[in-house]
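Quick notes on the structure that follows.
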Amino acid sequence: MSRPVVPVDSWVGGTSYDNYVGRWSRPVAREFVAWLDPQSGSRWLDIGCGTGALTESVLLAAAPAAVTGIDPSADFVAHAGAQVPDPRATFRRGTATDIPLPTAAVDLTVSGLVLNFVSDRPAALHEMRRVTRKGGTIAAYVWDYGAEMQLMRYFWDAVIDRGAAASADEAARFDFCRPGPLRHLFVDAGLLAVEVAPIVVPTVFADFDDYWTPFLQASAAAPAYVRSLGEDDRVALREALRQRLPVRADGTIALHAGAWAVRGRS
Ligand SMILES: C[S@@+](CC[C@H](N)C(=O)[O-])C[C@H]1O[C@@H](n2cnc3c(N)ncnc32)[C@H](O)[C@@H]1O
């Protein structure tokens, strides 16, 4: 099965994204918002809001005055708007390096599972600081691709064992997603009181199909890899995963999803 892998990070299809990983980004978002211990009545910006997982958690747990979600994907912006009809939330297109807000417009700028997809991260931090008031908070989290994001870890370990190039693994592509690089990015951007913390949440799959089927549908890198395979290789990978995963007697699969969170004061 050795073959070159072209990473695909296309962001379309909100429902298939939610079935793949959005359903697990929601509990991480809840833990993250609690970790920030925010003041009520704050103005928030959610960069790379996707289908609205983090915005929703802010609305539920932080009593914000307003939340603006921005994302380059028109499809995800539309999906988030339909999913999150709260009048305090606004969704629009924008990127981390070109934020459609004036200077000092918000009290907190947050971003969930996005920074590793941004090619010029120092420029993104600079732009995040521009739109955040002095003394405000800038914070983000990324998957722990190398270890505790087990849904993906099992997948890529099986792919590499079957002969794919090690560079296909998102842990190799996203070496940034570790405490050291995260801390450096925030410190080098001039943020104060920078802290990094792990967030780990349980991810329980009803059965093997509940784990596997989203890989056949979503638009992220691992599902795109599955769809690039011929039928025989796809079946072989599926069966290799079935053997590896800790399927319990009742058919459920209990994994966990880990992320690294970072915060600092502007
Ligand atoms: C893994 S999804 C995370 C979505 C959402 N925050 C969540 O937690 O479910 C990554 C998101 O980053 C967005 N994205 C990619 N490049 C970006 C950039 N340069 N600036 C802002 N967002 C970006 C994608 O469109 C996608 O919605």
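The values are calculated or read from the model by the stated rules, or taken from the named source; none is laboratory data. Bear in mind the structure is a predicted one, so any value in this text is a computation, not a measurement. Every residue, glycine among them, receives a Cβ derived from its backbone with ideal geometry; neighbour counts consider all protein chains shown.
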> Would you call VAL114 touching a strand residue (DSSP E or B) at 6+ places or on another chain (Cβ under 8 Å) and away from the ligand (no atom under 12 Å from the Cβ)?
Replying inline: no
> If only one of VAL8, VAL67, VAL77, VAL12 is at pLDDT 95 or above, touching a helix residue (DSSP H, G or I) at 6+ places or on another chain (Cβ under 8 Å) and either more than 23 Å from GLU148 (Cβ to Cβ) or assigned to a helix (DSSP H, G or I) (or both), which one is it?
Replying inline: VAL67
>> Residues that are within 15 Å of the ligand (Cβ to nearest atom), farther than 24 Å from VAL194 by Cβ and touching a Gly at 6+ places or on another chain (Cβ under 9 Å): does the stretch 31-49 have at least one?
In response: no
> With respect to ASP71, is the statement that it is under 18 Å from the mean Cα position of the chain (by Cα), surrounded by fewer than 20 Cβ atoms within 10 Å (Cβ to Cβ) and near the ligand (Cβ under 9 Å from one of its atoms) true?
Replying inline: no
>> Going by what's in this entry, would THR90 be described as touching a residue at least 12 places away in the same chain (Cβ under 8 Å), part of a loop (DSSP other than H, G, I, E, B) and surrounded by fewer than 23 Cβ atoms within 10 Å (Cβ to Cβ)?
In response: no
> In the stretch 143-159, which residues are of a type in the set (Asp, Glu) and under 17 Å from the mean Cα position of the chain (by Cα)?
Replying inline: ASP144, GLU148
> Of all the residues that make up the stretch 148-170, how many are of a type in the set (A, V, I, L, M, F, W, C) and at pLDDT below 95?
Replying inline: 4
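Results for (1) among the basic types (Lys, Arg); (2) in contact with a strand residue (DSSP E or B) (Cβ under 9 Å, 6 or more places away or on another chain); (3) part of a strand (DSSP E or B); (4) without any contact (Cβ under 8 Å) to a residue 60 or more places away in the chain, shown as yes or no for each residue.
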| position | (1), (2), (3), (4) |
| --- | --- |
| VAL110 | no, yes, yes, no |
| ALA123 | no, no, no, yes |
| ARG130 | yes, no, no, yes |
| PHE176 | no, yes, no, no |
>> It is to be established whether one or more residues within the stretch 2-18 are buried (at least 20 other Cβ atoms within 10 Å of the Cβ), β-branched (Val, Ile, Thr) and within 12 Å of the ligand (Cβ to nearest atom).
In response: no
> How many residues, within the stretch 134-189, are within 16 Å of the ligand (Cβ to nearest atom), of a type in the set (A, V, I, L, M) and under 30 Å from ASP209 (Cβ atoms)?
Replying inline: 5
